[in-house]
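Colleague: Input: one structure, supplied below.
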2 protein chains.
Amino acid sequence: MAAIKVHGNPRSPATQRVLATLYEKELEFELVPVDMKTGEHKKPHFLNCLNPFGEIPTLEDGDLKLFESRAINKYIADEYAGKGTRLAFGDNKKKAIIGVWMEVEAHQFESAASKLTWELSLKPVFGKGTPDKAVVEKNEAKLAKVLDIYESRLAQSKYLAGESFSLADLHHLPSIQYLLATEVKKLFDSRLHVKAWVADITARPAWCKVLCHACRSKH
Amino acid sequence: MAAIKVHGNPRSPATQRVLATLYEKELEFELVPVDMKTGEHKKPHFLNCLNPFGEIPTLEDGDLKLFESRAINKYIADEYAGKGTRLAFGDNKKKAIIGVWMEVEAHQFESAASKLTWELSLKPVFGKGTPDKAVVEKNEAKLAKVLDIYESRLAQSKYLAGESFSLADLHHLPSIQYLLATEVKKLFDSRLHVKAWVADITARPAWCKVLCHACRSKH
């Protein structure tokens, strides 16, 4: 039995964020499926033992239980620093730069990207209706502004926090992957450095394993 | 001249978050005022040199420049670990618990609290009209649910991440302080452990210095 367990769903963006990190670190783990359709994550056992906010994923590592995907990833990167890809590294100054771009992902990029992912990709899948055009338009404009800043940044360095791939890049993967299958792809493609960065990070073998996992779970 | 500079505004919640950390760490710093009314933070110099997203605060520590208040605080806590109050500490597991509750603040608490702060406190001050009742009602309900979970958590430990004050608590201070002067105060007061926690963290000498700074800046 693997020491590390992830309670989640391989198609949920937040779960995918954690799976990508585990694959990058070459760690063995068990994915314990949470049945979102029956609302398993809102039931007393889940709320009391795994996440009081009723969201996925939750990580178990021995007797440690953690929720919030970005906090989980930071823990994995620190605890297993010597394994697989280095994802949060360097002296305090270098780590701070990675930290800044992790916050940018969470507060600038994801606020627009997650709404677009919902409207254009997940809403139809979950049978929750058609995309709200006004919401899409507003958030495409917001995302475009963020990506203009990314374009300048990525003209200076290969990755957001410098010349090496880090958690700051990795945290973008789930939303980017969903959006590449929608009209929002044009926002990435029309910016040269962003386009190259997207091609680079989505081609990482660890990310391919996450997609493979998600794909298999559909059957 | 202080080695540490904060470009910000002493009445902005995000700037206050950083000032609270600097005071807790007993570090000397210079606050370089950014004139929000004239849109100084949207001008080329600010965008090119301090924060491409045109937001405050930005920290300068020697030749290092950082934006995003939570990333700045994490850097200060790590870089000046040996000074003043310990704010992010322990082994990787302990740090991970602090990390989880820092993410909870950012993604669960603040999304409701910042909207309420804007509607009930800042909007009238900036002459942007009266509070939108529907927005207030929706976010009060959202905040109440979050505070129910905080109540359970704080019944188990004095602070969110354990028995010691940490960045996870500190990051809540600006919004809590603004909301205590509004009708939202009742949501804190009606929950025993939350009320005691709020009283404890808002009484910290470092936080009093932040308020004093904000107060003086009005004149």
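Bear in mind that the values in this text are calculations on the coordinates, not laboratory data. Everything numeric in this text was worked out from a predicted model, so none of it was measured. As a convention, Cβ positions derive from the backbone with ideal geometry for all residues, glycine included, and neighbour counts pool all protein chains shown.
Colleague: Which value in deg cm²/dmol, rounded to the nearest 500, describes the helix-derived mean residue ellipticity at 222 nm for chain B, given -39,500 (n - 2.57) per DSSP H run of n ≥ 4 and division by the residue count?
Modeller: Roughly -15500 deg cm²/dmol at 222 nm, from the helical runs in chain B.
Colleague: List the distances, in nm to one decimal, from the label point of residue B:196 to the label points of the same position in every other copy, shortest first, placing each label point 7 Å from Cα along the Cα-to-Cβ direction.
Modeller: For residue B:196, the other copies' label points sit at 5.8 nm, shortest first.
Colleague: Looking only at other chains, what is the average number of their beta-carbon atoms within 10 angstrom of each beta-carbon in B:73-79?
Modeller: Mean shielding count: 4.
Colleague: Here are some pairs, A:94/B:74; B:25/B:195; A:93/B:43; which of them have Cα atoms lying more than 18 Å apart in this structure?
Modeller: With Cα atoms farther than 18 Å apart: B:25/B:195; A:93/B:43.
Colleague: Cα centroids of segment B:25-49 and segment A:58-120: how far apart, whole angstrom?
Modeller: Distance between centres, Cα-based: 28 Å.
Colleague: Follow-up question, since we're still on this one. Residues with amide H under 5 Å of residue A:25's amide H, sequence separation 5 or more or different chain, H placed in the peptide plane at 1.01 Å from N; which?
Modeller: Result for residue A:25 returns A:85.
Colleague: Taking a label point 7 Å from Cα toward Cβ, how far is residue B:44 from its twins in the other copies, in nm, shortest first?
Modeller: 6.5
Colleague: Counting only other chains, what is the mean number of Cβ atoms within 10 angstrom of the Cβ of each residue in peptide A:163-174?
Modeller: If you average over the peptide's residues, the count of other-chain Cβ atoms is 0.
Colleague: With respect to the axis carrying B onto A, what is the closest chain B residue by Cβ position, and how many angstrom separate it from the axis?
Modeller: B:106, 3
Colleague: Let me ask something else. Measuring from a point 7 Å out along Cα→Cβ, what nm distances, shortest first, does residue A:82 have to its partners in the other copies?
Modeller: 2.6
Colleague: Turning to a different aspect of this structure: Taking θ as phi - 60°, what are the ³J(HN,Hα) couplings along segment B:152-161 by the Karplus curve (6.51, -1.76, 1.60), each to the nearest whole Hz, with x for Gly and Pro?
Modeller: Calculated HN-Hα couplings, in order: 5, 4, 6, 6, 8, 9, 5, 10, 4, 9 Hz.
Colleague: Using only the alpha carbons, work out the radius of gyration and Dmax of segment A:92-206 in angstrom.
Modeller: 14.2, 47
Colleague: Setting aside same-chain residues fewer than 8 positions from residue B:42, which aspartates and glutamates have a Cα under 14 Å from its Cα?
Modeller: B:55
Colleague: Sequence gap at least 6, Cα distance under 8 Å: using those rules, report the relative contact order of chain A to the nearest whole percent.
Modeller: 22 percent
Colleague: Among A:126, B:89, B:109, rank each residue by its count of other Cβ atoms within 10 Å, from fewest to most, as a rough exposure measure.
Modeller: Ranked by crowding around the Cβ, least crowded first: A:126, B:89, B:109.
Colleague: What aspartates and glutamates sit close enough to residue B:138 to cross-link, taking a C-alpha to C-alpha distance under 13 Å and skipping anything fewer than 8 places away on the same chain?
Modeller: Counting by Cα, and skipping residues close in sequence, residue B:138 has these aspartates and glutamates nearby: B:119.
Colleague: Taking 0.36 nm per residue of separation and subtracting the Cα-Cα distance, what length does fully extending residue B:49 through residue B:130 add?
Modeller: Difference between extended and current length: 25.6 nm.
Colleague: Further question on the same structure: Can you work out ³J(HN,Hα) from phi for every residue in segment B:199-205, in order, using Karplus 6.51 cos²θ - 1.76 cosθ + 1.60 and θ = phi - 60°, giving whole Hz and x for Gly and Pro?
Modeller: Coupling constants for segment B:199-205: 4, 5, 6, 6, 8, 4, x Hz.
Colleague: Turning to a different aspect of this structure: Suppose the chain between residue A:111 and residue A:141 were pulled fully straight at 0.36 nm per residue; how much longer would it get relative to their current alpha carbon spacing?
Modeller: Separation in residues times 0.36 nm, less the Cα-Cα distance, equals 9.6 nm.
Colleague: Which far-off residues, 5 or more places away or on another chain, put their amide H under 5 Å from the one on residue A:32, with H placed in the peptide plane?
Modeller: Under 5 Å from the amide H of residue A:32 lie the amide H atoms of A:6, A:7, A:8, each far enough along the sequence or on another chain.
Colleague: Mean 1/r over all different Cα pairs, inverted: what Kirkwood radius does chain A give, in Å?
Modeller: 18.0 Å
Colleague: Using only the Cα atoms of the protein assembly as shown, what do you get for the radius of gyration and for Dmax, in Å?
Modeller: 21.3, 66
Colleague: With a ≥ b ≥ c taken as the square roots of the eigenvalues of the C-alpha gyration tensor of segment B:4-86, please select rounded if a/c is under 1.5 and otherwise prolate if a/b is larger than b/c or oblate if it is not?
Modeller: prolate
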